Amino acid sequence: MITNSYGSGSPVTLVAHGLGATPGEARIPASGLPGTRVVVTLPSHGSAPDAPPGYWDYGRIADDLATVEADHAVGVSLGAAALVRLLSRQPRRFRRVALLLPAVLDQPRPAVTLQQLSDLTAGPSAYVEDRRRALTRLEAAAEQLPGQVAVADAGLLAHVEVPVLVIAATNDPLHPEDVAKATAGAFPNGELWLVDSPAPMITHRAEVRHRLVEFFGG
C-alpha cells in the first residue's frame, strides 16, 4: 500500500478506495475536506506494486489502513469493509467515519467476475477505459474476496460509539440497499443517506461532497 497526502493541518482524514478504483476515482471522496487528506492506494491499483499472494483479505487490508494515523476515515466499497473490520477491533480509532457504498457486512456477497465488474462500469469513456484496464490486475482479488465478510457478527460494532455516516445507492447490483441499511443499523450512532441513483459518485458528486464536508465538520 502507498499513500499520498493532500492539504495540510488538522484534521487528518484517511481515504480508502474501492476495488478497481482509478487514481482519480480514489481521490473523489477527499475533495473539499478540510485539513490533510491521506489517500491510500492498495496493492494492484494505480502506481502501487502488485498484491503479494494471499493479500486479499479484509483483515489484512484493515491492518494496512491501521498504519495511517488519522482523525477521520472514509472508505468506499472494499475500503468501507476494511474500515468496518478495523472499527470492530478498535472502536475508538477515529472520531468520525463515512462508509460509501458498502457491499458486505456479516453475510458473504455473491461472487462477481471481473467481466461483470467491467460490464457494469459506467461513466465518461475515458474513465470506463481506465477502470477496465485497472481491473485486469485484480484476478486474485476476484477469486479471494467472495465468501468473506467484513465482520463475523454485526453485534461486534455495538461498541463503536463514534458517528458513522453510510452513503448508499438505489438499484446498485454491487452495493445492495439492505447491506447499507444493516451497516448503518449496526452502529449506535449510524446514519444512512440513500441516494436515488445507481451511481451516486458520478451522478451526485457535488451532493456527496457537500454531505461529507458537512458530516466531518461535526
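The values are calculated or read from the model by the stated rules, or taken from the named source; none is laboratory data. Since the model is a prediction, treat every value here as computed from it, not as a measurement. Note that we place each Cβ from the backbone using ideal geometry, even for glycine, and neighbour counts take in every protein chain shown. To get the accessible areas, we keep the full protein, side chains included, count just its heavy atoms, and leave off ligands, DNA and RNA. Shrake-Rupley method; radii C 1.70, N 1.55, O 1.52, S 1.80 Å.
Here ASP178 clears all of (1) more than 17 Å from PRO110 (Cα to Cα); (2) assigned to a helix (DSSP H, G or I) except the condition numbered (1).
Look at (1) under 16 Å from VAL164 (Cβ atoms); (2) surrounded by fewer than 16 Cβ atoms within 10 Å (Cβ to Cβ) and you find that GLY9 fails only one, number (1). Condition check for THR3 on (1) outside any strand (DSSP E or B); (2) surrounded by fewer than 22 Cβ atoms within 10 Å (Cβ to Cβ): one failure, at (1).
Tell me, which residue of the stretch 127-156 that is closer than 19 Å to HIS17 by Cα and small (Gly, Ala, Ser) is modelled with the highest pLDDT? Among them, the one singled out is ALA150.
As for the stretch 129-147, it holds no residue that is over 22 Å from PRO110 (Cβ atoms) and in contact with a strand residue (DSSP E or B) (Cβ under 8 Å, 6 or more places away or on another chain). Within this structure, ASN189 fails the test of being modelled with pLDDT under 95 and either closer than 26 Å to GLY59 by Cβ or out of contact with any His (no Cβ under 7 Å at 6 or more places or on another chain) (or both). Every residue in the stretch 170-196 that is surrounded by fewer than 16 Cβ atoms within 10 Å (Cβ to Cβ), closer than 12 Å to LEU101 by Cα and touching a residue at least 24 places away in the same chain (Cβ under 8 Å), please. Result: THR170, ASN171, PRO173, LEU194. Total residues in the stretch 157-170 satisfying the condition of being modelled with pLDDT of 95 or more and either part of a helix (DSSP H, G or I) or more than 24 Å from GLY217 (Cβ to Cβ) (or both): the figure is 3. Checking each residue in the stretch 122-142 for being in contact (Cβ under 8 Å) with a residue 40 or more places away in the chain and either outside any loop (DSSP other than H, G, I, E, B) or out of contact with any Gly (no Cβ under 7 Å at 6 or more places or on another chain) (or both) picks out ALA122, GLY123, TYR127, ASP130, ARG131, ALA134, LEU135, ARG137, ALA140, ALA141. If you go through the stretch 79-121 and keep only what is part of a helix (DSSP H, G or I), open to solvent by less than 10 Å² (accessible area, probe 1.4 Å) and in contact (Cβ under 8 Å) with a residue 40 or more places away in the chain, you end up with GLY79, ALA80, ALA81, ALA82, LEU83, VAL84, LEU87. Note on the stretch 19-56: residues that are open to solvent by 10 Å² or more (accessible area, probe 1.4 Å) and assigned to a strand (DSSP E or B) amount to 4. Out of all the residues in the stretch 149-161, is one or more over 27 Å from GLY54 (Cα atoms) and open to solvent by less than 20 Å² (accessible area, probe 1.4 Å)? For the stretch 149-161, residues over 27 Å from GLY54 (Cα atoms) and open to solvent by less than 20 Å² (accessible area, probe 1.4 Å): present.
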